[in-house]
Ligand code: ADP
Ligand code: MG
C-alpha cells in the first residue's frame, strides 16, 4: 500500500477506536484467514462473579466459612477468579460499586480476617496457601487430579455447572475435597455480533482458553464459535496459535492477559484489548481502545478497503 493510503486507513481506524502500530499491521489484518480469540476478558467481560457455592464435608461451618478460607488463600493471586472469590467472601459481589474499587481496597484482611502464609500460584491450575494452620488448595479439576484427589460427587456437579458456562473452582482443605464454586463471567456486549460479522467476512473464528472444555464450549456456543482449543496451559497458547497456522494460514490472535503475550507475538497479527494488561498491549500490533470485539471485523473491513484502493 502507498504511504498515503496507509495514513488515511490508520486515521479512519483511529476514529473508530482501533490503533494500528504499523502499516504492515494495517495491511496484514485484512489478510487473516483465522481470527483466534482468548475467552476470559476478551470474549467475556473478565469480571467474574461467584454464582454457586457447594459445600462438601460437614465439618466446615457452611458456605460463609468455606468462602472466607478460599478468599484468604487467594488473597495474593492476580487471577480474576481470585477477585471474584474475594468479593463473594466480603458479600460484595453484587454491588457495582465494589467492582470498581481498586483491588487493594477490596483486600480487607480485617473483613476476611484470616491469615494466609506460604502462598503459591500454579499458573493454569490454581493456588495453594496455609490459612490459619489449614492447607487450602483452590483451582481447576486438573489441579485436584494433580494433587491426587478424587472429585467424587462434586465431579457431576462441576460438569452441570460447566455446561451452563460456569467455571468450576474446587477447594481442598488439608488434602480433602471441601467444596466447589461456580463462577460466571458474562459475555461482553458486541461479542456475538463481532463473531457473526467475522464469519460473514469469510474468516474462521476459533477460541483459545485455559478453562475447562465444557465451560469453554458453552461460552463458544453462546457466541457462535465452533472451533475451541480448551484447557490450554499458559505456555501453550502460542503453540495453539501455531497449530492454527498449519498450512501457511494467516492467523490474527485477540487477547488481553499477561498469559496472552506469547500468542500475540506468535500470531501473524496480534490484537490487544486496550483495557487489558500492559504486557498484552505492548506486544500487540493492533489495539482495540474499547473492549468491544466489533472493532476486529471493522478493522478487517478497513484493512481490505485500504489494500483495494491502491491496487
Ligand atoms: P484463562 O485466562 O484462559 O481462563 P488461565 O490459564 O489463567 O486461563 O487459568 C486456567 C484455569 O486454571 C482457570 O480456568 C481456573 O480453573 C484455574 N485457575 C488458575 N488460577 C486460578 C486461581 N487463582 N484460582 C482458582 N483457579 C485458578
Ligand atoms: Mg484473558
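The values are calculated or read from the model by the stated rules, or taken from the named source; none is laboratory data. This structure is a prediction, so every number in the text was calculated from the model and none was measured. As a convention, Cβ positions derive from the backbone with ideal geometry for all residues, glycine included, and neighbour counts pool all protein chains shown.
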With the requirement that a residue be surrounded by 20 or more Cβ atoms within 10 Å (Cβ to Cβ), over 18 Å from the mean Cα position of the chain (by Cα) and in a loop (DSSP other than H, G, I, E, B), what does region 122-165 give you? none
Given the residues 273, 258, 287, which is the only one that is in contact with a helix residue (DSSP H, G or I) (Cβ under 9 Å, 6 or more places away or on another chain) and either away from ligand 1 (no atom under 16 Å from the Cβ) or at pLDDT 95 or above (or both)? 287
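Across region 76-100, which residue is modelled with the lowest pLDDT among those that are within 23 Å of residue 256 (Cβ to Cβ) and not in a helix (DSSP H, G or I)?
Narrowing region 76-100 to residues within 23 Å of residue 256 (Cβ to Cβ): 76-88, 93, 96, 98-100.
From what's left, not in a helix (DSSP H, G or I): 76-79, 93.
Working: 76: 94, 77: 94, 78: 86, 79: 90, 93: 44.
The extreme case among them is 93.
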Kindly indicate which of 308, 294 is under 20 Å from residue 5 (Cβ atoms) and more than 13 Å from the chain's Cα centre (by Cα). 308
Counted residues, region 75-92 - those being under 20 Å from residue 64 (Cβ atoms) and within 16 Å of ligand 2 (Cβ to nearest atom): 4
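Condition check ((1) in contact with a helix residue (DSSP H, G or I) (Cβ under 6 Å, 6 or more places away or on another chain); (2) at pLDDT 95 or above; (3) within 18 Å of residue 18 (Cβ to Cβ)) across all residues:
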| position | (1), (2), (3) |
| --- | --- |
| 214 | yes, yes, no |
| 222 | no, yes, no |
| 297 | yes, yes, yes |
| 302 | yes, no, yes |
Looking at the structure I just gave you, is residue 18 in contact (Cβ under 8 Å) with a residue 60 or more places away in the chain, in contact with a helix residue (DSSP H, G or I) (Cβ under 6 Å, 6 or more places away or on another chain) and within 16 Å of ligand 2 (Cβ to nearest atom)? no
One residue from 191, 226, 238 being surrounded by fewer than 20 Cβ atoms within 10 Å (Cβ to Cβ) and either more than 26 Å from residue 304 (Cβ to Cβ) or not assigned by TED's automatic domain parsing to the domain that holds residue 56 (or both): 226
